[in-house]
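S.K.: Before I ask anything, let me first share the structure, which is written out below as structure tokens.
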Amino acid sequence: MIPAAFDYVRAGSAEEAIRLIGEHGDDAKFLAGGHSLLPLMKLRLAQPSVLVDIGRISELSYIRDAGDHIAIGALTRHMDIETSAVLAEHVPLLAHAAGHVGDPQVRHRGTIGGSIAHSDPASDLPATTLALGATYVAQGPNGTREIAAGDFFQGFLETALSADEMLTEIRVPKMQGAGWNFQKFNRRAQDWAIVGVAAWRRNGDSGIGLVNMGSTPILATSVSNALSQGSSIADAAQLAAEDAEPQSDLNASPEYRVHLAKVLVRRALEAC
Amino acid sequence: MTVTEERPASVLGQRLLRREDPALLTGEAKYTNDLNIPGALYLAVLRSPYAHARITSVDVSGAASMPGVVAAYSGADLASLWAGPMPCAWPVTADMKNPAHYPLAVTKAAYAGDGVACVLATSDVAAHDAIEAIDVTYEALPVVIDLNEALSDAVVIHDELGTNKSYTWELKVEGHEGQVDEAFAAATHTVNEQYVQQRLIPMAMEPRAVVAVPQPYGGDMILYSATQIPHILKIMTALTLGIPEQQMRVIAPAVGGGFGSKLNVYAEELLCVALARKHAVPVRWNEERSENALATIQGRGQIQNIELAADADGKITAVRVRLLADMGAYLQLVTPGIPLLGAFLYAGVYDIPAAYDFSCTSVFTNMTPTDAYRGAGRPEATYAIERAMDTLAAQMGVDPVELRRRNFIRKEQFPYTAFSGLVYDSGDHDAAATKALALADYDGVRARQKTQNVAGATKLLGIGVSTYFEMCGLAPSRVLASLNYSAGGWEAATVRVLPTNKIQVVTGTSPHGQGHETAWSMIVAEKMGVSPDDVDVLHSDTAIAPLGLDTYGSRSLPVGGVAIAMACDKVIDKAAKIAAHQLEANEDDLEFVAGAFTVKGSPDRSMPLAAIAFEAFTAHNLPDGLEPNLEAQVTYDPPNFSWPFGTHICTVEVDTETGQVDVLQYVAVDDCGVQVNPLIVDGQVHGGVIQGLAQALYEEAVYDSDGNLKTSTLAEYLVPGASDVPSITLGHTFTPSPTNQLGVKGIGEAGTIGAAPAVINAVVDALSGLGITNVAMPASPHNVWKAMQAANANPGNINPGNTKPGNTKPGNRGATK
Amino acid sequence: MKITVTVNGTSHESDVEPRTLLVHYVREALGLTGTNVGCDTSSCGACSLHVNGEAVKSCTMLAVQADGADILTIEGLAQNGEMHPMQKAFMENHGLQCGYCTPGMVMAATSFLKENPNPTEREVRLGLEGNLCRCTGYHNIVQAVLACAAGN
């Protein structure tokens, strides 16, 4: 319940945050909303020596219409995404998915950037932004770079961010009227998904992100390819787990996860 | 003057709002961990990460030198503080094996979570930092998790016992032993089922907390604890630590739920008191949730085999039960008795002959000790008989409700002397069932099933019924004696009319959410003709309420509440003497109505209780030989258990593609006799039902093969939330208990007892067309899916209704001659 | 580290260790023990209080993160000795038994109604998904929140 001791520094800007994380080295961690990191620290599963608090960098909390995409500051809270009129109009799948993260209290504190940078495969927003073909903007000592969501998630809790980089913005293409659906299958409403599906479809195009179907968020490209080649939804959904390597845990065996993915992908696509 | 004053409307039965609530709602209530105790040292306990290991060395020096640390101790360091091992108050058989169990293990850890060392520090933070610096070396040993493996003694957990078997306890009906075999031989239908009661973690929202405060000079000690049992804890602490009992005072402040988990004597309570004595400073400990999952008792944990024999009409002719019960690593306060509390209930609410054969064998395992969890033995028994009844009904092709009706003990048979010799006080099972069936639209659901559960359907409708008895109101002391329980089952009450006609009630019950202050004030108001607002209820402090046996087993109202009513009677008797003296009337000519004594037929000759109370106080003019003051104490030993009953009906829809069970409706019709406060009764049923439903659908303490608890937090152990459970439709019937003057029965456990079988019966009913006859609890989506896989389910093979004889899968699930 | 927070309308300056959780700060430094701790995984919601008008789980926030914030705990909800309508609704609907989850439940419920003043029963249940209760089965809690919403 009580985290191990650490030093705490507060950054007033992205530049300062990057400087501070550089100064404090490998054991330092960014603290945004804290809803991924603090639970681990309370159980002493994480024991960073320094926390760089970026939660007060208010210029990184925004949702802006940027023409072909919506730009979301990394420190934008789930609740703000859930209730954003801009997102409701242009990226309703993301707004909807954000409303399924944790519970209201978590959504009042947790941020989209924190969730994506933590890259838990069981989280809703990494897979959802992956499905939407988002681009993430990282800022480091040498400036900013864009990372495609498809290149970002590299392993369990591992991302393309280097130690001195910070996620600053999430760019999500407008959905242009695509049909969409979000399936979150869990035991209790507050829980992580056992399997989740974020899907959109427009004409022959589609994007399907799978939650908790491997060590990273998974893009079900086999399903999308089959659909674009004219497969029926029912047939394409059978390929749902082709790109996945589901784990076993308290709630599901890998076989059950594969089964669920097929059912939920089919249901999601049917509702798109 | 014409006195037309009539007896005011009864206080009993009103939905009076709870007086407990404002303090709880505003944050002013003080739970144990809220107490501000200047100078207290904080205790933290280092727990074994191994489920079974020899402790080869414990080096506390690293912790002892850390900032803020006052002392660090191994189990061996503290061995001299214990006058005896931790108590088990229920040696159920003369040869029961009970390993010595001390607050800290010395040579061996027997479960993951067993305390092996501790730290005292000036802050909670320092204490928790320091336990990480204690160096313990372990020699890991093979782990026993499976109950049948435990029984094999391939690995013996407690070397000194030579076996993992604690006891075998049997209930056979004297003089009728041969009848069981005869009945099975003669039966038209038999059922032979095995059910697993998974381990559950009680998870009261308040984890445990303890503060031990030595008093200046003389050795007195106040122990504050988040406990259900301050009185029992006082005695046991005194015995275990060798403290003269009169020097121990135990206070249970606001307590945040218990459900049986705080019905115990725990290592940390003894550690705090022992170390507070040793260091002559207050010592406190508060439990973290993940610690609570390991170090507070767990519940259930049984493998049940139940066999029913029935005649051609489905009338039950014999019941045979074999239990294998999981004690965990040690016997806690009442661990061994828990399965036996259900021993009498495997015949359910049914009229069966004396052909009853029950046996329970209990084993030690390398897991957290089990003990009482809401219902304690009775939910298990009810589950087994109610599931088995559905199996029999399916086998016979009769409606499960019809089969139950054929077997109900009829209303006119009460009081009913059961095969066991126990007398069931009152009941009307048919009325409760009829009401529940109407509320649940049972016939309508059955009709919908015919159209919904068709070939290809992916949402299958199911409806499940359970009819239950709750043997509660623990307990007649003589019955407890026959079960070798080490204490009685009485309850004490004092009713004291103060000089200003306000009333103090002292009760030995110890509420932790049940609303005793409100309910007891209503009983006194009813009896004494005062407003409930004029009644104060004192409890949960052994210095203020020195006599009592506390709160568990749905006993508080039918034992403690009745004791209060009886104490009121005694006060009224004494007041009558004073009134007679003052009114110059014969005591027999007085009547006590609406708080005043009046001479029958002479309404102008009246004396209110207020005047009598003042007379009793001044003692200026009392009858010769009568003691001053108006107060009476009663210790009430109930002549019988109380037997609430009811019918629960659950309607579910099962998603055959995912295994998800959605509860569409839950109907609970409960009969707890006369209701003191229906608001509180409803709340008890709601909460009880959801805990039972949670066992059926959500909760399970999962251990891996190394004995690690995988569900040690509320993220993994699935206590359901508001959005995961249904609203509940309640109904009540009212069949007063004839064994007590209030006509009341207990209600705290009823919901839990009725719920799990109703839910699982509904799930199995929904899936019956797929050839599924049982689903393991919890009926999680994964478990339901596995059951469908195992049955090689194919939605195209749905056989709606599944009520034709012989529709169950062939094999070992039962037989029809 | 020095922080300044306003709690229930009163400004406090405190020196806290960075690892001090907000819930421990309000309970131990300020003596406001109405906010309870029920778990260690941000699951149960017993520690819910308001930070700048919104319910958060104070076990999952460092006191240093609350520097400058306006905090409302259960002790600050009643005004002039008069319980908040939500507190009254909980009492009138028997929405509590042992009371341990209650402060967090009430704080979550008041925050929820600000965001959704006219909820359906299902919305209430989902709005309280982050708060666990072991006594009531939620039935009367949900009724209390609906009653409070209707009263507003």
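S.K.: Determine the shielding of peptide B:780-787 by partner chains: average, over its residues, the number of Cβ atoms on other chains within 10 angstrom of each Cβ. If you can, show how the numbers build up before the last one.
M.R.: Values: counts 5, 8, 10, 1, 0, 6, 3, 0.
Across B:780-787, the average partner-chain Cβ count within 10 Å equals 4.
S.K.: Next question, about the same structure. Of all DSSP beta bridges in the protein assembly as shown, what percent run antiparallel (nearest 5)? All intermediate terms of the calculation are to be shown ahead of the outcome.
M.R.: Working: 159 of 194 bridges.
Expressed as a percentage, antiparallel bridges in the protein assembly as shown total about 80.
S.K.: Starting from the Cα-Cα distance between residue B:413 and residue B:626, subtract it from 0.36 nm times their residue separation and give me the gain in nm to one decimal. Can you show the working numbers first?
M.R.: On the way: separation 213, 0.36 × 213 = 76.68 nm, distance 4.62 nm.
Value of the extension gain: 72.1 nm.
S.K.: In nm, to one decimal, how far is the modelled label at residue A:270 from the one at residue C:70, with both set 7 Å along Cα→Cβ?
M.R.: Between residue A:270 and residue C:70, the label points sit 4.9 nm apart.
S.K.: Using Cα pairs under 8 angstrom and six or more residues apart, how large is the relative contact order of chain C, in percent? If you can, show how the numbers build up before the last one.
M.R.: Working: 277 pairs, mean separation 37.9, N = 152.
Answer for chain C is 25 percent.
S.K.: When ranked by the protection proxy of mean other Cβ atoms within 10 Å per residue, highest first, what sequence do the peptides B:12-21, B:367-376, B:287-296 form?
M.R.: Details: B:12-21: 19.0, B:367-376: 28.9, B:287-296: 22.9.
Put in order of decreasing packing, that is B:367-376, B:287-296, B:12-21.
S.K.: Can you list the lysines whose alpha carbon is less than 22 Å from that of residue B:411, not counting same-chain residues fewer than 8 positions off?
M.R.: B:315, B:435, B:745
S.K.: What value, in deg cm²/dmol to 500, does the helix sum -39500 (n - 2.57) over DSSP H runs of n ≥ 4 give at 222 nm once divided by the residues of chain C?
M.R.: On the way: 4 runs with 42 residues, N = 152.
The helix-only estimate for chain C comes to -8000 deg cm²/dmol at 222 nm.
S.K.: When ranked by the protection proxy of mean other Cβ atoms within 10 Å per residue, highest first, what sequence do the peptides C:2-8, B:536-542, B:727-733 form? Can you show the working numbers first?
M.R.: On the way: C:2-8: 16.9, B:536-542: 21.0, B:727-733: 19.0.
Ranked from most to least packed, the peptides come out as B:536-542, B:727-733, C:2-8.
S.K.: Can you pull the mean other chain C-beta count within 10 Å for peptide C:27-38? Before the final figure, lay out each step's value.
M.R.: On the way: counts 2, 4, 0, 0, 2, 2, 9, 10, 2, 9, 7, 9.
Averaged over the peptide's residues, the number is 5.
S.K.: Determine the percent antiparallel among the DSSP beta bridges restricted to chain C, to the nearest 5. All intermediate terms of the calculation are to be shown ahead of the outcome.
M.R.: Values: 14 of 16 bridges.
Approximately 90 percent, going by the DSSP bridge assignments.
S.K.: Tell me, what ³J(HN,Hα) does each residue in the range A:62-72 have, in order and in whole Hz, if you take phi through Karplus 6.51 cos²θ - 1.76 cosθ + 1.60 with θ = phi - 60° and put x for Gly and Pro?
M.R.: 6, 9, 10, 7, 10, x, 7, 9, 9, 9, 10
S.K.: Convert each backbone phi in the range B:689-704 into a coupling constant with the Karplus relation 6.51 cos²θ - 1.76 cosθ + 1.60 (shift: θ = phi - 60°), then list the ³J(HN,Hα) values in order as whole Hz, x for Gly and Pro.
M.R.: Once rounded to whole Hz, the list reads 4, 5, 5, x, 4, 5, 5, 5, 10, 10, 9, 6, 7, 9, 10, 7.
S.K.: Once you keep just the Cα pairs under 8 angstrom separated by 6 or more residues, what percentage relative contact order results for chain A? Could the numbers behind the result be given before it?
M.R.: Values: 643 pairs, mean separation 42.6, N = 272.
It comes to 16 percent, rounded to a whole number.
S.K.: May I pose another question? Under a point spin-label approximation (7 Å from Cα along Cα-to-Cβ), what is the residue B:604-residue B:280 distance to one decimal in nm?
M.R.: Placing both labels 7 Å along Cα→Cβ, they lie 7.3 nm apart.
S.K.: For residue A:47 and residue A:234, FRET efficiency with R0 = 56 Å and r from the beta-carbon atoms, rounded to 0.05? List each step's numbers first, then the result.
M.R.: Numbers: r = 49 Å, r/R0 = 0.87.
The formula returns an efficiency of 0.70 here.
S.K.: Could you sort B:482-488, B:526-532 so that the peptide with the highest average Cβ count within 10 Å comes first and the rest follow in order? Don't skip to the end; give the middle numbers.
M.R.: Working: B:482-488: 15.1, B:526-532: 19.9.
Those peptides, ordered most packed to least, come out B:526-532, B:482-488.
S.K.: So for chain B, averaging the separation of alpha carbon pairs under 8 Å that are six or more residues apart and normalising by length, what relative contact order in percent results? Please list the in-between numbers first.
M.R.: Values: 2071 pairs, mean separation 130.7, N = 817.
Averaging sequence separation for qualifying contacts and normalising by length gives 16 percent for chain B.
S.K.: Now for a different question. Computed FRET efficiency, Cβ-Cβ of residue B:239 and residue B:171, R0 35 Å: what is it to the nearest 0.05? Please list the in-between numbers first.
M.R.: Details: r = 30 Å, r/R0 = 0.86.
The computed FRET efficiency comes out at 0.70.
S.K.: To make sure I understand, if each residue's beta carbon is the centre and we count other beta carbons within 10 Å, what order do A:262, B:450 fall in, fewest to most?
M.R.: Ranked by crowding around the Cβ, least crowded first: B:450, A:262.
S.K.: Take the alpha carbon gyration tensor of chain B, find the square roots of its eigenvalues, order them as a ≥ b ≥ c, and report rounded if a/c is under 1.5; if not, report prolate when a/b exceeds b/c, else oblate. It would help to have the intermediate numbers written out before the result.
M.R.: Working: a/c = 1.89, a/b = 1.11, b/c = 1.70.
Oblate, because a/c is 1.5 or more while a/b does not exceed b/c.
S.K.: May I ask for the net charge around residue B:653, where only other residues with Cβ less than 9 Å from the Cβ of residue B:653 are counted and Lys, Arg are +1 while Asp, Glu are -1?
M.R.: Details: positive: B:459; negative: B:655, B:662.
Counting the neighbours of residue B:653, the net charge comes to -1.
S.K.: So, one more: For the range B:41-57, just list the computed ³J(HN,Hα) in residue order, Karplus coefficients 6.51, -1.76 and 1.60, θ = phi - 60°, integers in Hz, with x standing in for Gly and Pro.
M.R.: Going residue by residue, I get 8, 9, 9, 10, 10, 8, 10, 5, x, 9, 7, 8, 7, 7, 8, 8, 7 Hz, with x marking Gly and Pro.
S.K.: Moving to a separate point now. In which sequence would A:185, B:419, B:364 go, from the one with the fewest C-beta neighbours within 10 Å to the one with the most?
M.R.: Ascending Cβ contact count within 10 Å gives the list B:419, A:185, B:364.
S.K.: A further question follows. Provide the FRET efficiency to the nearest 0.05 for the residue B:76-residue B:28 pair, computing r from the beta carbons and using R0 = 41 Å.
M.R.: Numbers: r = 44 Å, r/R0 = 1.07.
According to the calculation, E is roughly 0.40.
S.K.: Sorting A:107, B:277 on the 10 Å Cβ count, fewest up front, what's the list?
M.R.: Lowest to highest Cβ neighbour count: B:277, A:107.
S.K.: Taking amide hydrogens as modeled 1.01 Å from N in the peptide plane, which residues meet the under 5 Å criterion relative to residue A:74, leaving out close sequence neighbours?
M.R.: Here the answer is A:169, A:170, since their amide H atoms fall under 5 Å of that of residue A:74.
S.K.: As a test, work out the antiparallel percent of DSSP beta bridges whose residues both lie in chain B, rounded to the nearest 5. Write down the numbers at each step before the final one.
M.R.: Working: 106 of 131 bridges.
Bridges in chain B that DSSP calls antiparallel: roughly 80 percent.
S.K.: Additional query: Averaged over peptide A:248-257, how many Cβ atoms belonging to another chain are found within 10 Å of each residue's Cβ?
M.R.: On the way: counts 0, 2, 9, 5, 4, 3, 0, 4, 8, 1.
Taking all residues of A:248-257 together, the mean is 4.
Where a number appears in this text, it was derived from the coordinates with a stated rule and is not lab data. None of the values given here were measured: they were computed from a predicted structure. Every residue, glycine as well, gets a Cβ built from its backbone with ideal geometry; the counts of neighbours run over all protein chains shown.
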